[in-house]
Amino acid sequence: MIPHPVRRRLVIGTALAAPFIRTARAEPVKLRVSVDTTPSHGRTIAIADFLKKLEAASQGQIKTQLFDSGQLFADRDVIKALVLGQVEMAAPGTWLVSAYVPEADLAQLPVFYGQPVEATHRAIDGIPGDLVNQQVTKKLRVAIPGRWIDLGFTNWYSTHKPLNTLEDLKGLTIRNSGGFAQPWRAKFFGGVPNMTAWPDVPLALSQGTFDALQSTNESCASAKLWDAGLRFGLIDHQNMGDYIPMISATFWGGLSPEMRTLITDLWSANIGGYRTSLLAAQDKAEKALKDHGVKIVDVPKEQLAIERQRMMEQQDAVAREMKMSPDFVARINEAVAATN
(Lines give C-alpha, C1' and ligand atoms only; values in the text may rest on other atoms or scores of the structure.)
Protein backbone atom coordinates (compact mmCIF):
# COMPACT_ATOMS: atom_id res chain seq x y z
CA MET A 1 0.00 0.00 0.00
CA ILE A 2 1.21 3.53 -0.75
CA PRO A 3 2.10 5.41 2.45
CA HIS A 4 -0.37 8.06 3.61
CA PRO A 5 0.73 11.54 2.43
CA VAL A 6 0.83 12.89 5.98
CA ARG A 7 3.52 10.38 6.85
CA ARG A 8 5.55 11.52 3.85
CA ARG A 9 5.82 15.20 4.70
CA LEU A 10 9.46 14.98 5.77
CA VAL A 11 10.53 13.39 2.50
CA ILE A 12 8.20 15.17 0.11
CA GLY A 13 10.09 16.94 -2.54
CA THR A 14 13.03 14.51 -2.50
CA ALA A 15 12.10 13.13 -5.89
CA LEU A 16 10.98 16.55 -7.08
CA ALA A 17 14.07 18.47 -6.02
CA ALA A 18 16.67 16.06 -7.34
CA PRO A 19 17.34 15.66 -11.08
CA PHE A 20 15.43 12.66 -12.39
CA ILE A 21 17.71 9.85 -13.49
CA ARG A 22 16.77 8.74 -17.01
CA THR A 23 16.94 4.99 -17.52
CA ALA A 24 17.80 3.19 -20.73
CA ARG A 25 14.11 2.72 -21.60
CA ALA A 26 13.77 3.10 -25.37
CA GLU A 27 10.19 4.31 -25.42
CA PRO A 28 8.30 6.42 -22.86
CA VAL A 29 5.66 4.71 -20.75
CA LYS A 30 2.18 5.68 -21.88
CA LEU A 31 -0.27 6.89 -19.25
CA ARG A 32 -3.83 7.20 -20.55
CA VAL A 33 -6.24 8.92 -18.19
CA SER A 34 -10.04 8.85 -18.49
CA VAL A 35 -12.54 11.30 -16.98
CA ASP A 36 -16.11 11.94 -18.07
CA THR A 37 -16.19 15.61 -17.12
CA THR A 38 -15.68 18.47 -19.59
CA PRO A 39 -12.35 20.27 -20.20
CA SER A 40 -13.57 23.24 -18.11
CA HIS A 41 -14.52 21.10 -15.09
CA GLY A 42 -12.30 21.42 -12.02
CA ARG A 43 -11.38 17.74 -11.87
CA THR A 44 -10.35 17.73 -15.52
CA ILE A 45 -8.27 20.89 -15.03
CA ALA A 46 -6.56 19.46 -11.93
CA ILE A 47 -5.64 16.17 -13.58
CA ALA A 48 -4.48 17.91 -16.77
CA ASP A 49 -2.16 20.06 -14.64
CA PHE A 50 -0.84 17.00 -12.80
CA LEU A 51 -0.14 15.16 -16.05
CA LYS A 52 1.70 18.13 -17.51
CA LYS A 53 3.88 18.36 -14.42
CA LEU A 54 4.44 14.60 -14.42
CA GLU A 55 5.71 14.59 -17.99
CA ALA A 56 8.12 17.40 -17.15
CA ALA A 57 9.30 15.87 -13.87
CA SER A 58 9.85 12.45 -15.49
CA GLN A 59 11.85 14.10 -18.27
CA GLY A 60 9.59 12.51 -20.85
CA GLN A 61 9.83 8.97 -19.49
CA ILE A 62 6.07 9.06 -18.91
CA LYS A 63 3.96 10.19 -21.86
CA THR A 64 0.49 11.20 -20.72
CA GLN A 65 -2.78 11.48 -22.61
CA LEU A 66 -5.99 12.79 -21.05
CA PHE A 67 -9.37 11.75 -22.46
CA ASP A 68 -12.11 13.99 -21.08
CA SER A 69 -15.89 14.15 -21.56
CA GLY A 70 -16.24 10.36 -21.47
CA GLN A 71 -14.33 9.89 -24.74
CA LEU A 72 -13.01 6.56 -23.48
CA PHE A 73 -15.32 5.64 -20.61
CA ALA A 74 -18.08 7.08 -18.48
CA ASP A 75 -17.03 7.04 -14.84
CA ARG A 76 -19.56 4.27 -14.18
CA ASP A 77 -17.45 2.00 -16.44
CA VAL A 78 -13.94 3.26 -15.79
CA ILE A 79 -13.21 1.16 -12.69
CA LYS A 80 -13.74 -2.03 -14.67
CA ALA A 81 -11.58 -0.57 -17.44
CA LEU A 82 -8.79 0.04 -14.92
CA VAL A 83 -8.97 -3.53 -13.66
CA LEU A 84 -8.90 -4.87 -17.22
CA GLY A 85 -5.95 -2.68 -18.18
CA GLN A 86 -7.92 -0.71 -20.78
CA VAL A 87 -6.80 2.60 -19.24
CA GLU A 88 -3.98 3.44 -16.84
CA MET A 89 -5.48 6.11 -14.57
CA ALA A 90 -8.85 7.52 -13.57
CA ALA A 91 -10.47 9.36 -10.67
CA PRO A 92 -14.00 7.97 -10.20
CA GLY A 93 -16.35 9.48 -7.66
CA THR A 94 -16.68 7.90 -4.25
CA TRP A 95 -20.35 7.18 -4.97
CA LEU A 96 -19.26 4.86 -7.81
CA VAL A 97 -16.36 3.31 -5.91
CA SER A 98 -18.91 2.37 -3.23
CA ALA A 99 -20.23 -0.38 -5.51
CA TYR A 100 -16.99 -2.21 -4.71
CA VAL A 101 -16.02 -0.67 -1.37
CA PRO A 102 -19.16 0.65 0.39
CA GLU A 103 -17.15 2.68 2.89
CA ALA A 104 -15.85 4.91 0.07
CA ASP A 105 -19.14 6.79 0.13
CA LEU A 106 -18.64 7.78 3.77
CA ALA A 107 -19.27 11.52 3.21
CA GLN A 108 -22.85 10.69 2.23
CA LEU A 109 -23.74 9.74 5.79
CA PRO A 110 -26.26 12.02 7.56
CA VAL A 111 -23.60 13.26 10.00
CA PHE A 112 -22.04 15.28 7.15
CA TYR A 113 -25.25 16.99 6.02
CA GLY A 114 -24.76 20.76 6.04
CA GLN A 115 -21.32 20.45 7.64
CA PRO A 116 -18.23 22.52 6.67
CA VAL A 117 -15.59 21.05 4.37
CA GLU A 118 -13.24 20.52 7.33
CA ALA A 119 -15.53 17.80 8.66
CA THR A 120 -15.13 15.77 5.48
CA HIS A 121 -11.37 16.34 5.31
CA ARG A 122 -10.95 15.12 8.90
CA ALA A 123 -12.55 11.86 7.84
CA ILE A 124 -11.13 11.23 4.37
CA ASP A 125 -7.60 12.37 5.29
CA GLY A 126 -7.67 10.49 8.57
CA ILE A 127 -8.26 6.93 9.75
CA PRO A 128 -11.55 6.40 7.85
CA GLY A 129 -9.91 7.46 4.58
CA ASP A 130 -6.90 5.22 5.24
CA LEU A 131 -9.22 2.25 5.78
CA VAL A 132 -11.02 2.98 2.52
CA ASN A 133 -7.76 3.29 0.59
CA GLN A 134 -6.60 -0.07 1.94
CA GLN A 135 -9.77 -1.78 0.77
CA VAL A 136 -9.79 -0.08 -2.63
CA THR A 137 -6.16 -0.99 -3.24
CA LYS A 138 -6.76 -4.61 -2.31
CA LYS A 139 -10.14 -5.22 -3.95
CA LEU A 140 -9.64 -3.28 -7.18
CA ARG A 141 -5.92 -3.97 -7.58
CA VAL A 142 -5.08 -0.31 -8.10
CA ALA A 143 -2.62 2.14 -6.58
CA ILE A 144 -3.83 5.36 -4.95
CA PRO A 145 -1.21 8.11 -5.32
CA GLY A 146 -2.53 10.26 -2.47
CA ARG A 147 -5.38 12.32 -1.07
CA TRP A 148 -8.70 12.54 -2.86
CA ILE A 149 -9.81 15.39 -5.13
CA ASP A 150 -12.70 17.46 -3.76
CA LEU A 151 -15.58 17.85 -6.18
CA GLY A 152 -17.46 20.27 -3.96
CA PHE A 153 -20.73 20.31 -2.08
CA THR A 154 -23.75 18.63 -3.61
CA ASN A 155 -26.95 20.68 -3.73
CA TRP A 156 -30.35 20.60 -5.47
CA TYR A 157 -31.12 22.12 -8.89
CA SER A 158 -34.34 22.16 -10.92
CA THR A 159 -35.85 23.22 -14.22
CA HIS A 160 -39.47 24.31 -13.93
CA LYS A 161 -40.28 24.24 -10.23
CA PRO A 162 -38.77 27.02 -8.09
CA LEU A 163 -36.75 25.76 -5.12
CA ASN A 164 -37.20 28.09 -2.17
CA THR A 165 -37.28 25.53 0.66
CA LEU A 166 -36.59 21.83 1.08
CA GLU A 167 -40.35 21.28 1.01
CA ASP A 168 -40.28 22.15 -2.70
CA LEU A 169 -38.45 18.88 -3.46
CA LYS A 170 -41.56 16.82 -2.76
CA GLY A 171 -42.82 14.94 -5.78
CA LEU A 172 -39.91 15.87 -8.07
CA THR A 173 -38.02 13.25 -10.07
CA ILE A 174 -34.43 13.93 -9.00
CA ARG A 175 -31.35 12.71 -10.85
CA ASN A 176 -28.41 11.35 -8.86
CA SER A 177 -25.04 9.88 -9.83
CA GLY A 178 -25.40 6.50 -8.16
CA GLY A 179 -24.85 4.74 -4.87
CA PHE A 180 -27.36 4.34 -2.03
CA ALA A 181 -27.20 7.61 -0.09
CA GLN A 182 -28.07 10.11 -2.81
CA PRO A 183 -31.36 8.42 -3.72
CA TRP A 184 -32.05 7.89 -0.02
CA ARG A 185 -31.66 11.63 0.58
CA ALA A 186 -33.96 12.46 -2.32
CA LYS A 187 -36.60 10.16 -0.84
CA PHE A 188 -36.01 11.65 2.61
CA PHE A 189 -37.22 14.98 1.24
CA GLY A 190 -40.07 13.42 -0.74
CA GLY A 191 -38.41 13.18 -4.16
CA VAL A 192 -38.32 10.30 -6.65
CA PRO A 193 -34.73 9.18 -7.42
CA ASN A 194 -33.39 8.77 -10.95
CA MET A 195 -29.84 7.60 -11.77
CA THR A 196 -28.37 9.12 -14.96
CA ALA A 197 -24.67 9.11 -15.93
CA TRP A 198 -23.18 12.60 -16.10
CA PRO A 199 -22.47 12.69 -19.88
CA ASP A 200 -26.19 12.02 -20.48
CA VAL A 201 -27.46 14.69 -18.09
CA PRO A 202 -27.74 17.73 -20.42
CA LEU A 203 -29.91 15.92 -22.98
CA ALA A 204 -31.97 14.11 -20.34
CA LEU A 205 -32.55 17.39 -18.47
CA SER A 206 -33.65 19.21 -21.62
CA GLN A 207 -36.02 16.35 -22.51
CA GLY A 208 -37.62 16.32 -19.07
CA THR A 209 -36.37 12.86 -18.08
CA PHE A 210 -36.09 14.29 -14.57
CA ASP A 211 -37.27 17.52 -12.93
CA ALA A 212 -34.24 18.21 -10.78
CA LEU A 213 -30.80 16.85 -9.96
CA GLN A 214 -28.30 16.47 -7.16
CA SER A 215 -25.04 17.99 -8.30
CA THR A 216 -22.63 20.86 -7.63
CA ASN A 217 -22.45 24.46 -8.77
CA GLU A 218 -19.29 23.74 -10.73
CA SER A 219 -20.59 20.64 -12.46
CA CYS A 220 -23.77 22.46 -13.51
CA ALA A 221 -21.88 25.51 -14.74
CA SER A 222 -19.11 23.63 -16.58
CA ALA A 223 -21.79 21.69 -18.48
CA LYS A 224 -23.76 24.92 -19.13
CA LEU A 225 -26.93 23.27 -17.87
CA TRP A 226 -28.76 26.58 -18.16
CA ASP A 227 -28.85 25.75 -21.89
CA ALA A 228 -30.69 22.53 -20.96
CA GLY A 229 -33.31 24.35 -18.90
CA LEU A 230 -31.75 24.67 -15.45
CA ARG A 231 -33.41 27.59 -13.66
CA PHE A 232 -33.28 27.08 -9.88
CA GLY A 233 -30.78 26.01 -7.21
CA LEU A 234 -31.21 25.19 -3.52
CA ILE A 235 -27.92 25.23 -1.59
CA ASP A 236 -27.80 22.92 1.42
CA HIS A 237 -24.28 21.40 1.23
CA GLN A 238 -25.78 17.96 1.63
CA ASN A 239 -22.37 16.28 1.26
CA MET A 240 -18.89 16.88 -0.07
CA GLY A 241 -18.26 14.84 -3.19
CA ASP A 242 -14.78 13.48 -3.82
CA TYR A 243 -12.89 11.67 -6.55
CA ILE A 244 -10.40 8.92 -5.67
CA PRO A 245 -7.29 8.95 -7.91
CA MET A 246 -6.45 5.43 -9.09
CA ILE A 247 -3.64 3.97 -11.14
CA SER A 248 -3.89 0.49 -12.63
CA ALA A 249 -1.81 -2.22 -10.96
CA THR A 250 -0.31 -3.22 -14.31
CA PHE A 251 0.98 0.28 -14.99
CA TRP A 252 2.11 0.81 -11.39
CA GLY A 253 3.88 -2.54 -11.29
CA GLY A 254 5.90 -1.66 -14.39
CA LEU A 255 7.36 1.49 -12.83
CA SER A 256 10.65 1.71 -10.96
CA PRO A 257 10.52 2.58 -7.25
CA GLU A 258 11.96 6.00 -8.11
CA MET A 259 9.20 6.67 -10.63
CA ARG A 260 6.52 5.65 -8.12
CA THR A 261 8.02 8.00 -5.56
CA LEU A 262 8.04 10.77 -8.14
CA ILE A 263 4.30 10.29 -8.78
CA THR A 264 3.26 10.17 -5.13
CA ASP A 265 5.46 13.14 -4.16
CA LEU A 266 4.17 15.16 -7.10
CA TRP A 267 0.56 14.38 -6.20
CA SER A 268 1.15 15.26 -2.55
CA ALA A 269 2.78 18.55 -3.52
CA ASN A 270 -0.19 19.62 -5.62
CA ILE A 271 -3.39 18.15 -4.13
CA GLY A 272 -3.79 20.97 -1.60
CA GLY A 273 -3.76 23.49 -4.43
CA TYR A 274 -6.22 21.43 -6.44
CA ARG A 275 -8.63 21.32 -3.52
CA THR A 276 -8.35 25.07 -3.03
CA SER A 277 -8.92 25.67 -6.73
CA LEU A 278 -11.99 23.43 -6.76
CA LEU A 279 -13.44 25.31 -3.79
CA ALA A 280 -12.88 28.62 -5.56
CA ALA A 281 -14.37 27.14 -8.74
CA GLN A 282 -17.59 26.34 -6.87
CA ASP A 283 -17.95 29.98 -5.82
CA LYS A 284 -17.18 31.18 -9.33
CA ALA A 285 -19.64 28.68 -10.76
CA GLU A 286 -22.42 29.89 -8.46
CA LYS A 287 -21.91 33.40 -9.83
CA ALA A 288 -21.99 32.02 -13.39
CA LEU A 289 -25.26 30.24 -12.68
CA LYS A 290 -26.77 33.43 -11.33
CA ASP A 291 -25.47 35.40 -14.32
CA HIS A 292 -27.30 32.96 -16.61
CA GLY A 293 -30.60 33.40 -14.86
CA VAL A 294 -30.48 30.57 -12.32
CA LYS A 295 -32.12 31.65 -9.06
CA ILE A 296 -30.04 30.43 -6.10
CA VAL A 297 -31.48 30.11 -2.58
CA ASP A 298 -29.46 29.12 0.51
CA VAL A 299 -31.05 26.92 3.17
CA PRO A 300 -30.53 28.69 6.56
CA LYS A 301 -27.93 27.09 8.84
CA GLU A 302 -30.51 26.63 11.54
CA GLN A 303 -32.67 24.60 9.17
CA LEU A 304 -29.66 22.51 8.11
CA ALA A 305 -29.00 21.64 11.75
CA ILE A 306 -32.63 20.62 12.25
CA GLU A 307 -32.62 18.43 9.14
CA ARG A 308 -29.28 16.87 10.07
CA GLN A 309 -30.67 15.95 13.47
CA ARG A 310 -33.70 14.34 11.80
CA MET A 311 -31.41 12.42 9.45
CA MET A 312 -29.19 11.26 12.31
CA GLU A 313 -32.14 9.31 13.68
CA GLN A 314 -31.79 7.10 10.61
CA GLN A 315 -27.99 7.06 10.33
CA ASP A 316 -27.55 3.56 11.73
CA ALA A 317 -30.12 2.23 9.28
CA VAL A 318 -28.53 4.17 6.40
CA ALA A 319 -25.08 2.84 7.32
CA ARG A 320 -26.39 -0.73 7.34
CA GLU A 321 -27.96 -0.24 3.91
CA MET A 322 -24.66 1.22 2.71
CA LYS A 323 -22.96 -1.90 4.16
CA MET A 324 -20.74 0.05 6.54
CA SER A 325 -19.70 -1.58 9.80
CA PRO A 326 -20.62 0.05 13.13
CA ASP A 327 -16.90 0.32 13.97
CA PHE A 328 -16.21 2.23 10.75
CA VAL A 329 -19.12 4.61 11.39
CA ALA A 330 -17.83 5.15 14.93
CA ARG A 331 -14.46 6.23 13.49
CA ILE A 332 -16.27 8.69 11.24
CA ASN A 333 -18.30 10.12 14.12
CA GLU A 334 -15.08 10.61 16.09
CA ALA A 335 -13.49 12.50 13.21
CA VAL A 336 -16.49 14.79 12.75
CA ALA A 337 -16.80 15.39 16.50
CA ALA A 338 -13.19 16.56 16.54
CA THR A 339 -14.06 19.14 13.87
CA ASN A 340 -17.12 20.41 15.68
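Here is how the numbers come out for the structure above:
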{"quantity": "Over 27 Å (Cα to Cα) - which of 30/139; 170/284; 139/323; 53/295 fall in this group", "calculated": "170/284; 53/295"}
{"quantity": "Per-residue ³J(HN,Hα) for the range 122-139, Karplus 6.51 cos²θ - 1.76 cosθ + 1.60, θ = phi - 60°, Hz, x for Gly and Pro", "calculated": "4, 7, 6, 9, x, 4, x, x, 4, 5, 5, 4, 4, 5, 4, 4, 6, 6"}
{"quantity": "Cα gyration tensor shape for the range 171-257, rounded if a/c is under 1.5, else prolate or oblate", "calculated": "prolate"}
{"quantity": "FRET efficiency, 1/(1 + (r/R0)^6) with R0 25 Å, evaluated for residue 84 and residue 325 via beta carbons", "calculated": "0.25"}
{"quantity": "Distance in nm between pseudo-label sites at residue 256 and residue 339 (7 Å out along the Cβ direction from Cα)", "calculated": "4.1"}
{"quantity": "Gyration tensor (alpha-carbon) shape descriptor, the range 139-193, a/c threshold 1.5", "calculated": "prolate"}
{"quantity": "Between the range 207-252 and the range 49-76, the alpha-carbon center distance in angstrom", "calculated": "22"}
{"quantity": "Tail fraction, Cα-Cα pairs, the range 100-163, threshold 15 Å, whole percent", "calculated": "58"}
{"quantity": "For the range 40-148, the spread of Cα positions along each principal axis, largest first, Å", "calculated": "44, 28, 25"}
{"quantity": "Lys, Arg +1 and Asp, Glu -1 on Cβ, resulting dipole of the range 242-330 about Cα centre, debye, nearest 20", "calculated": "200"}
{"quantity": "Förster radius 25 Å - calculated FRET efficiency between residue 316 and residue 164 (Cβ-Cβ, nearest 0.05)", "calculated": "0.20"}
{"quantity": "Of 29, 87, 329, the one that fluctuates the most in a GNM where the chain has Cα springs shorter than 10 Å", "calculated": "29"}
{"quantity": "Packing-based order for 39-48, 66-75, using average beta carbon neighbours within 10 Å, highest first", "calculated": "39-48, 66-75"}
{"quantity": "The range 235-340 - percent of accessible surface contributed by carbon and sulfur, probe 1.4 Å", "calculated": "52"}
{"quantity": "Förster-model FRET efficiency, 25 Å R0, residue 138 and residue 55, C-beta, rounded to 0.05", "calculated": "0.25"}
{"quantity": "About the Cα centre, charge dipole magnitude for the chain (Lys/Arg +1, Asp/Glu -1 at Cβ), debye", "calculated": "700"}
{"quantity": "Rounded, prolate or oblate (a/c below 1.5 giving rounded, otherwise prolate when a/b exceeds b/c) for the range 220-324 by Cα gyration tensor", "calculated": "oblate"}
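The values are calculated or read from the model by the stated rules, or taken from the named source; none is laboratory data. Nothing here was measured: the structure is a model prediction, and the numbers come from that model. A quick note on method: Cβ atoms are made from the backbone with ideal geometry, for glycine too, and the neighbour counts reach across all protein chains shown. The protein model used for the area step is the full one, side chains on, heavy atoms only, and it has no ligands, DNA or RNA in it. Shrake-Rupley method; radii C 1.70, N 1.55, O 1.52, S 1.80 Å.
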